[in-house]
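One structure below.
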Amino acid sequence: MNINDKLQHFMEVSMNSAMQKKASLVEEYKEGLNIQFENYKKDAIKKWEVQEHTQMESIRREFSKDFSLQQQHIRRKLTHKKDDLKELLFDEVQKMLNDYFETEDYKNLLVNEIKSSIEIAPESDITIYIDPLDADKKDYLEAKTGVAISISKYSFGRGMRAIIPARNILVDNSFNYKINEIKTDYTITF
């Protein structure tokens with residue numbers, strides 16, 4: 001082997017060794033990059049999951065807030081509608097009562113209520129009032145019950161009231177009282 005051959009052989013061996021080292025370094029570098037890439041992917045996925053969870057919670061809170069506001073709005077509208085319907089109902093009841101006040105049944109009701117009040121206390125201890133709108137019925141009621149009837153100075157929605165001062169009793173059979181009592185307890189349900 002001459003020098004040229006030796007040089008050629010040295011060069012080939014050196015080149016092969018360098019190429020193998022280069023390939024080994026490139027492979028190590030690729031493996032390092034792959035590991036870094038996998039770590040980056042894992043971190044990115046974790047960040048995305050955290051961000052997704054945060055966004056979902058924010059959306060849920062916003063939805064709950066909107067839902068709650070809508071529920072309140074609907075409840076408010078429903079309450080107003082119930083109140084409107086209740087007023088319409090009691091307006092209709094009042095119209096029916098106005099028709100009833102002109103009947104013979106109403107006169108009989110007044111007679112019965114006055115007699116019931118008289119049973120609580122003797123005649124001398126009781127003062128019976130009728131509504132000023134029923135002033136035309138005063139003579140009729142006195143004839144039917146045998147008791148002096150007074151006409152109230154203010155209207156109480158028809159019916160009758162009786163005062164028994166000796167016992168501190170007020171018998172309130174006025175329609176205003178009865179309607180207000182019913183109106184207070186009455187609820188409309190859907």
Q: Report the antiparallel proportion of the DSSP beta bridges in the chain as a percent, rounded to a multiple of 5.
A: 75 percent
Q.
Counting only protein heavy atoms and a 1.4 Å probe, tell me what percentage of the range 68-186's accessible area is made up of carbon and sulfur.
A. 52 percent
Q: Taking Cα extents along the principal axes in Å as the quantity of interest, determine which of (1) 55, 37, 31; (2) 61, 44, 23; (3) 160, 35, 23 was computed from the displayed structure.
A: (3)
Q.
Could you tell me which residue out of Y29, N4, Q70 lies farthest along the dipole of the range 1-122 toward its positive end? Charges go on the beta carbon: Lys and Arg +1, Asp and Glu -1, centred on the Cα centre.
A. N4
Q: Report the charge-dipole magnitude of the chain in Debye, nearest 20, computed about the Cα centre from +1 at each Lys and Arg Cβ and -1 at each Asp and Glu Cβ.
A: 840 debye
Q: Work out the FRET efficiency for F67 and Y177 from their Cβ-Cβ distance, taking R0 = 25 Å, and round it to the nearest 0.05.
A: 0.05
Q | Local electrostatic count, S24, Cβ distance below 15 Å [Lys/Arg +1, Asp/Glu -1] | A | 0
Q.
Per 0.36 nm of contour for each residue apart, how much would the distance between L25 and I164 grow if the chain were fully extended, relative to their Cα-Cα spacing?
A. 38.5 nm
Q: For K178, go through the lysines and keep the ones whose alpha-carbon is under 27 Å away, minus same-chain ones fewer than eight residues off.
A: K81, K82, K86, K95, K107, K115, K137, K138, K144, K153
Q: Please work out the average accessible area per residue across the chain, using the 1.4 Å probe convention, and give it in Å².
A: 77 Å²
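What does the highest-first list of 130-142, 3-15 look like by mean Cβ count within 10 Å?
130-142, 3-15
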**Q.** Relative contact order for the range 1-157, counting Cα pairs under 8 Å that sit 6 or more residues apart, in percent
**A.** 13 percent
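The values are calculated or read from the model by the stated rules, or taken from the named source; none is laboratory data. None of these values were measured; they are calculated from a predicted model. Please note: Cβ atoms are built from the backbone with ideal geometry, for glycine as well, and neighbour counts cover all protein chains shown. Areas reflect the complete protein model, heavy atoms only, side chains present, ligands, DNA and RNA absent. Shrake-Rupley method; radii C 1.70, N 1.55, O 1.52, S 1.80 Å.
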